[in-house]
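No value in this document is a laboratory result; all are computed from the given coordinates. Note that the structure is predicted; figures quoted are calculated from it, not measured. Note that each Cβ is placed from the backbone with ideal geometry, even for glycine, and that neighbours are counted across all protein chains shown.
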Amino acid sequence: MSEDLNSILEPGMIVEHPDKPEWGRGQVQSNIGGRITVNFREEGKVVIDGKRVSLVPIFGED
């Protein structure tokens, strides 16, 4: 797993959880010390440990 990609995540960016596609896309709320808070469309607000999960950024979202 790469926490390097997680380090570029900033508030407002859209991401997906690689192991939870049913959560839908989420918007990053904060990224502090590797703890990433994301508001997912179907799951709500979740705090992710960036050392354990590499979120997938979605670029070019309309």
Point to revise | Among Asn39, Val53, Val15 the positive-end extreme of the charge dipole of the stretch 3-58 (Cβ point charges) | key: Asn39
**Study point:** Contact order relative to length of the stretch 3-58, as percent, for alpha carbon pairs under 8 angstrom and 6 or more apart
**Key:** 38
Check your understanding: Which of rounded, prolate, oblate describes the chain, given a ≥ b ≥ c as roots of the alpha-carbon gyration tensor eigenvalues and a/c under 1.5 marking rounded, otherwise prolate only if a/b is larger than b/c?
Key -> rounded
Practice item. Count the net charge of all other residues whose Cβ sits under 14 Å from the Cβ of Thr37, scoring Lys and Arg as +1 and Asp and Glu as -1. Key: -1
**Study point:** Label point distance in nm, Ile8-Trp23, each placed 7 Å from Cα along Cα→Cβ
**Key:** 2.0
Exercise for review: Could you give the size of the charge dipole of the chain about its Cα centre, using +1 on the Cβ of each K and R and -1 on the Cβ of each D and E, expressed in debye and rounded to the nearest 20?
Suggested key: 220
